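Below is one structure, written out as structure tokens; comments come after it.
Taken together, the values in this text are just the output of simple stated rules run on the coordinates, not laboratory data. A quick note: this is a predicted structure, and the numbers were derived from the prediction, not measured. Cβ: placed from backbone, ideal geometry, glycine included. Neighbour counts: every protein chain shown.
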Amino acid sequence: MRRIILLCCLLFTASLAFSQKYIGLSKKAVYRNLKTAGLANSPIETNDQSVVMHVKDSAYQPASFYYYFDKDGKCYQEKSVTFCDTCYIKYRNRLLDRKKYEWVKVNDTVYVSKFSRKRTLELHPNQHDRTINLFKTPWQKEEYEQLLARRQ
């Protein structure tokens, strides 16, 4: 029973750590949140433009989470790279299930949020690694409307 409770706590903590809540945060805030996620065996690398967490905890499938920062030090892109189909689907669905973004499917690999949220989600389900890119998009209203008009 203890193992089940521990596993549930770990899964809940990981789901909070890898959600789309980092865009707009400072590098220091992103680093601090990742550090407190409770994944002891997961190294975090930093440089001027990014923070990267490589999940190596035995309770999880290997994955890497990248956070990119603009010249003002604010996160503008999150990238998840995983090597298993179920992990990819879980992270993808977690993003698409966020109702506040009102995702609109543009094609098989691109979704856009409602205009006011200014988010683009790109899916890359390759053979070896599966990548999910979520980034802030500085659309103009006309660009956004043209994009939606061209969707498949």
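If residue 93 satisfies every condition in (1) part of a loop (DSSP other than H, G, I, E, B); (2) more than 18 Å from residue 24 (Cβ to Cβ); (3) of a type outside the set (A, V, I, L, M, F, W, C) but one, which is the exception?
Of the numbered conditions (1) part of a loop (DSSP other than H, G, I, E, B); (2) more than 18 Å from residue 24 (Cβ to Cβ); (3) of a type outside the set (A, V, I, L, M, F, W, C), the odd one out for residue 93 is (1).
Please tell me if residue 88 is touching a residue at least 24 places away in the same chain (Cβ under 8 Å), over 25 Å from residue 150 (Cα atoms), within 13 Å of the chain's Cα centre (by Cα) and not in a loop (DSSP other than H, G, I, E, B).
So residue 88 fits the description; yes.
Out of 114, 136, report the one residue that is surrounded by 13 or more Cβ atoms within 10 Å (Cβ to Cβ), more than 17 Å from residue 33 (Cβ to Cβ) and free of Cβ contacts under 8 Å to residues at least 60 places away in the same chain.
114
Regarding residue 106, is this residue surrounded by 12 or more Cβ atoms within 10 Å (Cβ to Cβ), of a type in the set (A, V, I, L, M, F, W, C) and either free of Cβ contacts under 8 Å to residues at least 12 places away in the same chain or in contact with a Ser or Thr (Cβ under 8 Å, 6 or more places away or on another chain) (or both)?
Spelling it out, it is not the case that residue 106 is surrounded by 12 or more Cβ atoms within 10 Å (Cβ to Cβ), of a type in the set (A, V, I, L, M, F, W, C) and either free of Cβ contacts under 8 Å to residues at least 12 places away in the same chain or in contact with a Ser or Thr (Cβ under 8 Å, 6 or more places away or on another chain) (or both).
For region 93-152, give me the residue count where each residue is within 15 Å of the chain's Cα centre (by Cα) and among the aliphatic types (A, V, I, L, M).
8
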